[in-house]
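Okay, so here's the structure we're looking at.
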Amino acid sequence: MASRGAQRTRLGSGGSHEGFLRHRGYRWAKAALLLSLAAGVAYAMADVQPRHNGGSWLGYTLGTIGALLILWLTMLGLRKRAMTRGRWSLKGWTSAHVYLGLSLVVVATLHTGFQLGLNVHTLAYALMMLVIVSGLYGIAVYATLPDALSSNSAETTRPQMIDAVVKLDQQLQIAAQPLSSDDAAIVRLSLEEDPFRAGLVRRLAGNHSNCRNARALKLMRATEAGADAARVVDLLESKSVALARIRRHLRIRALLEVWLYVHVPLTFATIAALAAHIVSVFFYW
Amino acid sequence: MAFVLRTVSHSAGGREIVRTARVEGDRLTIGRDPACDVHLTDLAVALRHAEVTRSGPGRLDLQASPGLTVELDGRKASAGTIDLATGGDIRIASHALRFMPAAADADVDIAVERVTEGERGELARADERRFSLVSVMPGKRPLAWLLAALVLAIFFAWPVWTILDRQEEPAAERFHPDRMWLSGSLSQVHAGLEDNCAACHAEPFVAVRDESCQSCHVRVHDHANQARLARARPGLDGWGRFRLAVQETFGLTPGRCVDCHTEHEGPQEMAPTPQRFCADCHSGMQERLGDTRLGDASDFGRAHPEFQPSVLIRWDGETPVMQRVSLGARPHENSNLRFPHALHLSRDGGAAQMGRRLRGQYGFGDSLVCADCHVPTPDGTRFQPVDMEGDCAMCHSLAFDRVGGTVRTLRHGSPEQVVADLREYFRGHPPARPSVLGGGARRRPGDIMQIRSTMQYTLALAGSGAAAERAIRAVFSPRGACYDCHQVQAPPPGSLAFRIRPVAFPTRYMHNGWFDHRPHQQAECATCHAAERSQSANDLLLPGIETCRTCHGGESSGDVPSTCAMCHDYHEDEGVPAMLLRQRVRGRRWETTLIPVPAQTGGRR
């Protein structure tokens, strides 16, 4: 126990936290590596004539392992709803999901015998690879983006971010009262801006060139309306900063979440293609 | 006369708060300007947006500032009137002004209320869930089900539907969705079947059966008796038994055509069956199949028995007895012919001299070569049996008489006729004129010169009565024309019924293996056939396996890698092995004879 304690203190900034990637000394990474190596050795040793394919004994074996793995990996979707600890903790499960999912690249590719074509079999393979690639992306963003997220928020909570804009809007509203109708219309432009209205593409791209607040700011600076307008310009500028923070947050969140919109639906498409693949093989047995 | 303004607002708890103000006079200004009587803070409201004036008893005039509108009783208008008897509603931006019905000259009650949130709408209500993509994306689950259903519909339901439907539309040229199931293109020969999966996959969920292959390949026969085949298979180890059990569980019975002839390997030539499929059974087969006469073989370069040609080992009366004998046993051939190859191929012996003399007539070289006597078959594969008249008589003349310009020859192959011809000759030619035959300038072995000298000798001895008989005996005796090449059976005492032992040559020595001389033409005959050193016709001049191995290795060795299929054929036994034929058809091999011997019927052996 003493040594374990020492180990924990050495984790430093992470404290006692151990991510799913390093779960239990890379236990599942080792298991996945072993599986991949075994598949590779079997592939190299097996005498399959005239060339490797999914229909040899090795092909069927690798295919069966791959299919079962895919189904088990999909179970994470159910399993994650129950957060538990211990040997089969959710973290352990996730670790296994990641590493065994990666080993599927080796198992499934060797199953194909590198024979790909325009057919349902390659469709299943391609969909599976897309799922894995999206998963890899997910791991990458989970490893890097949460830091960016917290540094962006700079100790403010998300409701506080919204609140900042709402408060600025209220101040704008008051500050704009003396303005003429035309200038008031410009301010209203800013008040209509809803940063959350941005869709997937704009969130991901971080492109907000049509931001109404920005437009209002530009127009407002152009007017020569004296102190009232100057006050409004100040507020619009402050709002720009507050909006930018929200948008950075939106962008990071979108980058963090978008892969699941590929990963999950394509997983189901993979399972459907897998079913078609298997049944078609037996149909024309 | 006044306007009474009741400004309604709501507390956080939803409670209504009403503030009342009174505006004296007949004029009511409405706008964002705090100086207006009705001060509306909505920025959509102009500083001075509209004016309401009492223009008569019970009547209010509404006039919006130039270029602006208000909503009067639900309609947009820049000006209008309100009848106080019925009241009216004015809507400006997010604010509503309700003019209550009143007596013509009473105070006008106006309820002012903010009815919508106006510009302070959505953002104030935004909660942190809107940071997540969930708020702008369709749900993952509907997306997942949609994609899955789409894949199943296109790649499963559609093909199955058309397969079940196909009976009614047999030769349709439309797209066959089961092409999407094609695991790999068919080989070139079967490419035409790619739109007709059912040609081989006759029944759903039933493995491809031999009947499907045999519906086109009608002449292919089995390799051997199925029971013997089964016994010849190598004993299965645990892993093999397990695999077999799994295969049989899934309906893959062993021994089907497709076990060896795999398909869907891409649009190339059908992959040649690997040697392993032969070697599996043929190595160690003697142990498993005790009564087989076939030696164990697994690779031509490493493990193949010595050739066992079918040799004419002896005669049973007039019938030649052929027997397969290993070349290792140095078998002798008994063709009943005397023929020393060495003598004929010698560069300076009598045969060479004879050849040079007859050069102008027959095109011989400085000495005789194999091709002077041996004639290949039209396809070039083998050689025709040696024929006396065609291949030997150029030198070995049987001429004995000349009538005018015509040379009479003894009849080859018919000793009785020889005897009769010679008797007739002596009857017609008195012994006093022996020189009538002296015109021939050539002297040939076995020539009539011998006969003539014998005749002269016998004449000299006297008695012309016995001359014919002596001449006949001389022909059939040592140094006689027949005796030089043939085995002569002496007649019973007092008879002249000499007999010649029949002669036979095998036209093909190896019936279970294929050898084609044509691809080997660039080599000298002597490279393989040691004819120059052969002193006896009994020498079997077939080369042994070691001679072949100088060039031919096993499946993956030697100058010429040679699988079993180069010489042996699994299904056919007589003609060119299918592999060589295929290579010829594909332009990869030009030398091979392309005349397959048609198999007569299925099920030989």
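The values are calculated or read from the model by the stated rules, or taken from the named source; none is laboratory data. All figures in this text were calculated on a predicted structure; none of them were measured in a lab. Every residue, glycine among them, receives a Cβ derived from its backbone with ideal geometry; neighbour counts consider all protein chains shown.
Would a scan of the range A:3-18 turn up a residue that is of a type in the set (D, E, K, R) and modelled with pLDDT of 75 or more? The answer is no; no qualifying residue exists. Within the range B:55-93, the residues that satisfy the criterion of being closer than 19 Å to B:Asp42 by Cα and out of contact with any strand residue (DSSP E or B) (no Cβ under 8 Å at 6 or more places or on another chain) are B:Pro66, B:Gly67, B:Ala93. Selection of first residues in the range A:186-201 that are more than 7 Å from chain B (Cβ to nearest Cβ) and of second residues that are surrounded by fewer than 24 Cβ atoms within 10 Å (Cβ to Cβ) and modelled with pLDDT under 85, restricted to Cβ pairs under 7 Å at least 6 apart or on distinct chains, gives the following pairs, ordered by first then second residue: A:Ala198/A:His208.
Do we have any residue at all in the range B:396-407 that's of a type in the set (Ser, Thr, Tyr) and surrounded by fewer than 15 Cβ atoms within 10 Å (Cβ to Cβ)? Yes, that holds for at least one residue. With respect to being at pLDDT 90 or above and over 60 Å from the mean Cα position of the chain (by Cα), B:Ala111 fits the description. If you go through the range B:173-193 and pick out every residue that is more than 8 Å from chain A (Cβ to nearest Cβ), in a loop (DSSP other than H, G, I, E, B) and surrounded by 15 or more Cβ atoms within 10 Å (Cβ to Cβ), you end up with 3. Does A:Tyr26 meet the test of being among the aromatic types (Phe, Trp, Tyr), under 32 Å from the mean Cα position of the chain (by Cα) and assigned by TED's automatic domain parsing to the domain that holds A:Val107? It is true that A:Tyr26 is among the aromatic types (Phe, Trp, Tyr), under 32 Å from the mean Cα position of the chain (by Cα) and assigned by TED's automatic domain parsing to the domain that holds A:Val107.
Mind checking which residues of the range B:204-228 are within 14 Å of chain A (Cβ to nearest Cβ) and surrounded by 13 or more Cβ atoms within 10 Å (Cβ to Cβ)?
Those that are within 14 Å of chain A (Cβ to nearest Cβ) and surrounded by 13 or more Cβ atoms within 10 Å (Cβ to Cβ): B:Pro204, B:Val206, B:Ala207, B:Val208, B:Arg209, B:Ser212.
Please work out which residue is surrounded by the most Cβ atoms within 10 Å (Cβ to Cβ), limiting yourself to the range A:122-141 and to residues that are free of Cβ contacts under 8 Å to residues at least 12 places away in the same chain and over 16 Å from the mean Cα position of the chain (by Cα). Among those residues, the one meeting the criterion is A:Thr122.
Looking for whichever is crowded, with 22+ Cβ neighbours inside 10 Å, within 11 Å of chain B (Cβ to nearest Cβ) and more than 30 Å from B:Val160 (Cα to Cα) here; the options are A:Leu260, A:Leu250, A:Leu236. Which one fits?
Every option except A:Leu250 fails the conditions.
Could you say whether any residue in the range A:274-281 is more than 7 Å from every other protein chain (Cβ to nearest Cβ), among the polar types (S, T, N, Q) and in contact (Cβ under 8 Å) with a residue 12 or more places away in the chain? No: the range A:274-281 contains no residue that is more than 7 Å from every other protein chain (Cβ to nearest Cβ), among the polar types (S, T, N, Q) and in contact (Cβ under 8 Å) with a residue 12 or more places away in the chain. Within the range B:233-252, identify whether any single residue is assigned to a loop (DSSP other than H, G, I, E, B), hydroxyl-bearing (Ser, Thr, Tyr), away from every other protein chain (no Cβ under 11 Å) and loosely packed, with under 15 Cβ neighbours inside 10 Å, and answer yes or no. Looking through the range B:233-252, none of the residues is assigned to a loop (DSSP other than H, G, I, E, B), hydroxyl-bearing (Ser, Thr, Tyr), away from every other protein chain (no Cβ under 11 Å) and loosely packed, with under 15 Cβ neighbours inside 10 Å. The number of residues in the range B:1-41 being of a type in the set (S, T, N, Q) and free of Cβ contacts under 8 Å to residues at least 40 places away in the same chain comes to 4. Remark: pairs (first residue in the range B:137-161, more than 9 Å from chain A (Cβ to nearest Cβ); second residue in a helix (DSSP H, G or I); Cβ separation under 6 Å; 6+ apart in sequence or on different chains) = B:Trp158/B:Pro177. Residues that are under 24 Å from B:Ser185 (Cα atoms), outside any loop (DSSP other than H, G, I, E, B) and at pLDDT 80 or above were ranked within the range B:253-280; the one that is farthest from the other protein chains (Cβ to nearest Cβ) is B:Cys257.
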